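The values are calculated or read from the model by the stated rules, or taken from the named source; none is laboratory data. Because the structure is a prediction, the values reported are computed rather than measured. Heads up, the Cβs are rebuilt from the backbone with ideal geometry, glycines too, and the neighbour counts pull from every protein chain shown.
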Amino acid sequence: MSTAPPPDWLEHEASWLAPYAMPSRASRGRRYPEPPHPYRSPFQRDRERIVHSSAFRRMTGKTQVLVASVNDHHRTRLTHTLEVTQVARTVARRLRLNEDLTEAIALAHDIGHPPYGHAGEEALDGCLAAVGGFDHNLYGLRRVDELEERYPEHPGLNLTFEVREAFAHHSKRADAPEAAAFRAAGGPLLEALVVDVVDGIAYTTHDLDDALGLGFIALDDLRDVALWRAVTDRVHAGHPGLSGHALRTAVVRELLAWQVSDLIAETGRRLAGHGVRSVADVRAALAPLVGLSPDLAAMHAGLQQFLRERVYRHHRVLRMTANGKRVLRALFEEYVRSPELLPDRHLRRWAGADAVAGPPAAPPLPGRVRVESLERVVGDYLAGMTDRFAQQEFRRLFHPSIDL
Ligand code: MG
């Protein structure tokens, strides 16, 4: 019998969390059970495992909208992730949700994105069509469950059910077998819903800022965007005559602040209006519990429409995405044709590896499963690459050279 006192974070959660927040003590736990930590909650440990993962660091080199190397001013996946995380924490704290869980989900929410943003995802989905396609959320789940190698005792990061389920709920593949166990537990937690809505608010706001900064659009182009006009009026009320760069930064800041305050107020109203009093109520809810008020949601949709037409389809973005797709497709075909070109660690995940590379030098560690489909192994390898690494690999494979 242990005589250690109960961990102090349990008391803190019990006194602080709202009844609809996810408490650590109710977690469905980890795939490989671990003893509790004396002063870190399970979700705090998840957060730290995610930050120490290789997939997290690689988000520095992954495209948000533009290739990560265009210049040093616009967002990458990593800076986007940090923006989402801090806003989501603010919202969670204000609503008395579990901030540690919210933070872990936010930090992990984009780690499954392949290089070259959504274009990269489309290319991989096409390459892998015969074996079930590619979805960045399901890949993110594979990443934390299998592909990250940090422990000899088990594959992956051994995260809690509640952080892992966020990937499954966010996936567009509701029918995927690996998502079934999570969906059976009911709908998503408020902590995951907050991250989802904040993600949308954050990227719309900062993509607009980046597009202005890179000169894809000018302030005048935003004349007919209702949300931009409304926020500009609010800024001009306090600072009449503000223009140019000073106006842009003030409007972007106000745009984010307004949406976040609205999100907190509207979500509070919905939780009260639907009589949500427990995690079970959250899981059973049919109506969306987290969101912007109707007026602001309509204006937000207008801004998204503008970005789709004027930024995401800008010729410089399309040129970059067309090239990114070409790089990934060429690499995919080459590795499937010649699997011996794969690094050993990736090749060994494939069930047919021994025929190509001979028997492995050491027996596999516990819990590591070999994958039947070479295409899936190649797809997972490509999805883990940064934009720059994929380009380098393309050059090494297809440009005449004798470099190692
Ligand atoms: Mg995101």
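The single condition among (1) within 13 Å of the ligand (Cβ to nearest atom); (2) buried (at least 22 other Cβ atoms within 10 Å of the Cβ); (3) under 30 Å from residue 268 (Cβ atoms) that residue 77 does not meet is (3). Take the conditions (1) out of contact with any Pro (no Cβ under 6 Å at 6 or more places or on another chain); (2) in contact (Cβ under 8 Å) with a residue 12 or more places away in the chain; residue 169 misses just one of them, which is (1). Regarding segment 229-244, can at least one residue be identified that is at negative phi, surrounded by 15 or more Cβ atoms within 10 Å (Cβ to Cβ), part of a loop (DSSP other than H, G, I, E, B) and in contact with an Asp or Glu (Cβ under 8 Å, 6 or more places away or on another chain)? No, the conditions are met nowhere in segment 229-244. What pairs can you find where one residue is in segment 181-198 and within 16 Å of residue 99 (Cβ to Cβ), the other is hydroxyl-bearing (Ser, Thr, Tyr), and their Cβ atoms are less than 7 Å apart, with a gap of 6+ or different chains? Once the first residue is within 16 Å of residue 99 (Cβ to Cβ) and sits in segment 181-198, its partners that are hydroxyl-bearing (Ser, Thr, Tyr) give 190/20; 191/102; 194/102; 195/102.
A single member of 327, 377, 282 is surrounded by 12 or more Cβ atoms within 10 Å (Cβ to Cβ), in a helix (DSSP H, G or I) and touching an Asp or Glu at 6+ places or on another chain (Cβ under 9 Å), and it is 327. Exactly one residue out of 157, 128, 190 is within 21 Å of residue 77 (Cα to Cα) and not basic (Lys, Arg): that is 157.
Picking from residues in segment 5-36 that are in a loop (DSSP other than H, G, I, E, B) and at pLDDT below 90, the one that is farthest from the chain's Cα centre (by Cα) is 5. Considering only residues in segment 312-355 that are among the hydrophobic types (A, V, I, L, M, F, W, C) and in contact with a Lys or Arg (Cβ under 8 Å, 6 or more places away or on another chain), the one that is nearest to residue 122 (Cα to Cα) turns out to be 350.
When segment 38-64 is filtered for residues that are in contact with a Lys or Arg (Cβ under 6 Å, 6 or more places away or on another chain) and modelled with pLDDT of 90 or more, the ones remaining, listed by number, are 55, 59.
The set of residues in segment 329-357 being under 28 Å from the mean Cα position of the chain (by Cα) and hydroxyl-bearing (Ser, Thr, Tyr) consists of 335 alone. Applying the criterion of being among the hydroxyl-bearing types (Ser, Thr, Tyr) and over 20 Å from residue 319 (Cα atoms) to the residues of segment 115-156, the residue that is surrounded by the most Cβ atoms within 10 Å (Cβ to Cβ) is 139. What are the residues in segment 265-279 that are outside any loop (DSSP other than H, G, I, E, B) and either of a type in the set (Val, Ile, Thr) or over 19 Å from residue 93 (Cβ atoms) (or both), if any? Once the filter is applied, which keeps residues that are outside any loop (DSSP other than H, G, I, E, B) and either of a type in the set (Val, Ile, Thr) or over 19 Å from residue 93 (Cβ atoms) (or both), segment 265-279 yields 267, 273, 279.
Residue 97 fulfils the conditions (1) under 21 Å from residue 81 (Cα atoms); (2) assigned to a helix (DSSP H, G or I); (3) among the aliphatic types (A, V, I, L, M) except for a single criterion, (2).
Residues considered: 92, 106, 130. Of these, the only one that is under 18 Å from residue 199 (Cα atoms), part of a helix (DSSP H, G or I), away from the ligand (no atom under 16 Å from the Cβ) and at pLDDT 95 or above is 92. Answer yes if at least one residue in segment 178-192 is crowded, with 20+ Cβ neighbours inside 10 Å, more than 16 Å from the ligand (Cβ to nearest atom), assigned to a loop (DSSP other than H, G, I, E, B) and modelled with pLDDT of 95 or more, and no otherwise. Checked against the condition, which is being crowded, with 20+ Cβ neighbours inside 10 Å, more than 16 Å from the ligand (Cβ to nearest atom), assigned to a loop (DSSP other than H, G, I, E, B) and modelled with pLDDT of 95 or more, segment 178-192 yields at least one hit. Just wondering, is there one or more residues in segment 198-208 that are assigned to a helix (DSSP H, G or I), surrounded by 24 or more Cβ atoms within 10 Å (Cβ to Cβ) and more than 16 Å from the ligand (Cβ to nearest atom)? Looking for residues that are assigned to a helix (DSSP H, G or I), surrounded by 24 or more Cβ atoms within 10 Å (Cβ to Cβ) and more than 16 Å from the ligand (Cβ to nearest atom), one finds none in segment 198-208, hence no. Beta carbons closer than 7 Å, at least 6 apart along the sequence or on distinct chains, pair a first residue in segment 65-89 that is modelled with pLDDT of 90 or more with a second that is among the polar types (S, T, N, Q) and surrounded by fewer than 21 Cβ atoms within 10 Å (Cβ to Cβ) for 78/60.
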